[in-house]
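To start, the structure itself, in structure tokens.
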């Protein structure tokens, strides 16, 4: 038995050409897609090689710097050296108040008696001026010793207390001096 060609079987030539065209088109699309995928992969590999070649080899120096950074001290201790007695600068009560005391006593921070509010100062003054001065020198409740300024003298602290009492309207025997 002899095989008949599609033309002999009665199929048209145009349907045969159409089927061949579809086959060629499908093959072409597959080929273009494969080439595009290959080009993309090659591009990515080339880019990766470029990045890798630009990174310098690790010689361990960065690790050493990181270790030093992690173990370095977070603070340093600074010890104030007391000034010689002859180098003291005489400050008035107002100057000491403006330098140190104003930070808390102007606003009443942490329970500090506000300058100018007599009701807050009278019970403290009733204990005596020496008690007020001793509390200021050694610190009391939230107030640090000497208001946080170790360079102040006993006389500076005393004058500042007399000044604050005077500004509040409380008369002391010291204020007349």
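Coordinate-derived values only; no laboratory data. Since we're looking at a predicted model, the values are computed, not measured. Please note: Cβ atoms are built from the backbone with ideal geometry, for glycine as well, and neighbour counts cover all protein chains shown.
Taking only the alpha-carbon atoms of segment 116-177, what semi-axes of the equivalent ellipsoid follow from 5 times the gyration tensor eigenvalues under a square root, in whole Å, largest first?
19, 14, 10
Give the calculated FRET efficiency between residue 149 and residue 47 to the nearest 0.05, with a Förster radius of 45 Å applied to their Cβ-Cβ distance.
In this case the efficiency is close to 0.10.
Please work out how much length the chain gains when fully extended from residue 171 to residue 110, using 0.36 nm per residue of separation minus the C-alpha to C-alpha distance, in nm with one decimal.
Length difference between fully extended and current span is 19.4 nm.
Suppose R0 equals 41 Å. What FRET efficiency, 1/(1 + (r/R0)^6) with r the Cβ-Cβ distance, do residue 141 and residue 63 give to the nearest 0.05?
Efficiency, rounded to the nearest 0.05: 0.25.
Length gain on complete extension for the stretch residue 28 to residue 77, per 0.36 nm per residue less the alpha carbon to alpha carbon distance?
9.8 nm
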